[in-house]
Amino acid sequence: MVAKRLDITLEKKIKRSYCKKCKSIYGADTKIRIKSHLVIVRCPHCGDVRRFPIS
Ligand SMILES: [Zn+2]
């Protein structure tokens, strides 16, 4: 399935990005959930939840 490969790519991309709220890099502890066409990311530092659309 193509979707699985896409998820892994997204995960790597997101973990390298940072939280706009507390300005920390998300890192390895970041919880990432994929729900239909959205990626839901919870910041391990401040708990802020962000949603990214899968393009
Ligand atoms: Zn944060």
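Every number here is computed from the coordinates shown, using simple stated rules; none is lab data. None of the values given here were measured: they were computed from a predicted structure. FYI the Cβ positions are ideal-geometry reconstructions off the backbone, even for glycines, and counts take in every protein chain you see.
Numbers at a glance
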quantity	calculated
Failed item in (1) in a loop (DSSP other than H, G, I, E, B); (2) without any contact (Cβ under 8 Å) to a residue 24 or more places away in the chain, with residue 45 passing the rest	(2)
All positions within region 17-49 that are farther than 16 Å from residue 6 by Cα and charged (D, E, K, R)	20, 21, 23, 29, 31, 42, 48
Per-region count, region 1-21, residues surrounded by 12 or more Cβ atoms within 10 Å (Cβ to Cβ) and within 15 Å of the ligand (Cβ to nearest atom)	6
Residue count, region 30-42 (criterion: within 15 Å of the ligand (Cβ to nearest atom), surrounded by 13 or more Cβ atoms within 10 Å (Cβ to Cβ) and either in a strand (DSSP E or B) or in contact (Cβ under 8 Å) with a residue 60 or more places away in the chain (or both))	4
